[in-house]
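These notes concern the structure reproduced below.
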Amino acid sequence: MNRTSEPLSLAGTPAASPLGYYSWTFGQAARDPLYIMVIIYIFFPYFSNVVVGDPVRGQTLIGYLNAGAGAFMALTIPFMGAIADKIGKRKPWIFGSHILMVLIAIALWWILPAGSSAGVGIELGFGLLLILLIAFGYAEVFHNAMLPAVTPVDKAGIVSGLAFSLGNMCAIGLLVFVLIAFALPGTLDWSFLPEAPLFGIDKQLHEHDRIVGPLGGLWLLLASIPLFLFTPDGIASNNPVLASVRQGLKDVVNTVKQLKHYSNIATYLLARMFFNDGMAGVLVFNGVYASGTFGWDTIGLLLLGIFTSTSAMVGAYLGGLVDDKLGSIKTLKIAIGMTTLILIGLVSMQPDSIFFVIPVSTEPVWSSPYFNTIAEIIYLLMFQVFALFFVTGLSASRTLMAKISPPEMATQFFALYSLSGTVTAFLAPLLVGTTTAFFQSQRAGFASLILLMVIGAVMLFLVKEERSTVAPD
């Protein structure tokens, strides 16, 4: 095969082999389970409620934790991305971030419940979790920036979607393992469960919560191997490192000065600040809203996480197929529209009514201890559809960024892409909290996220799916 017959990547260069671009998806399959277990479902709630020992103070610290990580990334990540573009290679940055994440994940085991005489204290635990969030953000940026150069033009959507699918599939496997091996034994009398938690895990010491750190870290270490072995990296620059650093910093300043030239990308990133914050807010506050509305406990929320990750896995793959067929921007508009409609449906649910006005019985309709009333079942099913379209939107959003940004500035713009998802991370919590307090209603607070999604969707109609060029000096 001659060079001219090789499929081209989104960057206009020869794409990686199938082994190369499918191995790229393992970067996300490696890191997402750690994030899902530690940050979304298990360890952060444990840190807030058990380590801090005061749910109100714990939630406040978690808020400061996310704000601190977001602020640090806002100040550093655009510059680091521009420097990486000049140096050429992204794998060393990913490798360094992954090693740091693995070490911190293992150290989470020593963050003990409040009142323990040994282990890591709240302050050091806070610091470890802060660094973990920052390292995750860096790994995500440099990994995303590899996408334009490794993926064929006609497979960008499906490869991006497959990465999200694999991330959720691996998270499902680990969540199910934690549930069966550690959380459920001694709680439910099911025949397939061990009589006691495996490996001598002591639930009284919350070891079933703490084990997710080392477990996720080990998985990150092993699952990253295909990415580092088989996915081609960028070509290393011949420039000295200090010269690359200086040029990278200069490029960030020039990008800001030439914002008018990149107006299409700027409009997209601004739109993403709103719709991403709204959709992510639904994911974050769903557990709070559902537990408050239906009384779901920790095991119920863990089961919700497993079901939701399964739906997200399917949605990411199917969304990738739709992305390649319809285009990223159309797919993204569909995803935002559907998630907005579903959110309206979610806030219409109450234990004794559905869709605002239809009364239903609160009696169980089957013998399961979880999700056993009509309203709970409908809410659960609707949220699965939300997850399907949510992750479709995430995948299409990333692919669109790869399509409209100049290949020579991929890491810099993916750094800004990541920044657009974190710089307004306070907005959804602030909106939900303020609205809930004003109306004294969880339903009103949850529904306020619709506003962010609608603003982002309207702005998205101003974005064109066309490649930007590097602005002339």
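Quick notes on this structure:
- Of the complete DSSP H runs in the chain, those spanning 15 angstrom or more by Cα along the long axis with a mean Kyte-Doolittle score not below 1.0 are 91-107, 122-150, 156-178, 212-223, 298-326, 328-347, 374-404, 427-439, 449-460.
- Here is the tail figure for region 123-169: Cα pairs spaced more than 14 Å apart come to 65 percent of all pairs.
- Ascending count of other beta-carbon atoms within 10 Å, so fewest first, for Leu381, Leu304: Leu381, Leu304
- Sorted by Cβ neighbour density within 10 Å, fewest at the top, the residues Leu427, Leu166: Leu427, Leu166
- Restraint check, Lys89/Lys333; Lys155/Lys257; Lys260/Lys330, Cα-Cα greater than 30 Å: Lys89/Lys333; Lys155/Lys257
- Residues Trp93, Trp24, ranked from the fewest to the most other C-beta atoms within 10 Å, line up as Trp93, Trp24.
- Rg ratio for region 59-204: its Cα radius of gyration over 2.2 N^0.38 Å, N being its residue count, equals 1.34.
- Divide the volume of the convex hull around the Cα atoms of region 306-348 by the residue count and you get 59 Å³ per residue.
- Structure-based [θ]222 nm, the chain - -39500 (n - 2.57) summed over DSSP H runs of at least 4, per residue, nearest 500: -23000 deg cm²/dmol
- Relative to the globular-protein estimate of 2.2 N^0.38 Å, the Cα radius of gyration of the chain stands at 0.98.
- Computed extension gain for Gln440 through Phe72, at 0.36 nm per residue and net of the alpha carbon distance, reaches 129.1 nm.
Each reported figure results from applying straightforward, stated rules to the coordinates on display, with no laboratory input. Every value quoted in this text rests on a predicted model; they were computed, and no experiment measured them. Neighbour counts are summed over all protein chains in view; Cβ atoms, including those assigned to glycine, are modelled from backbone coordinates with ideal geometry.
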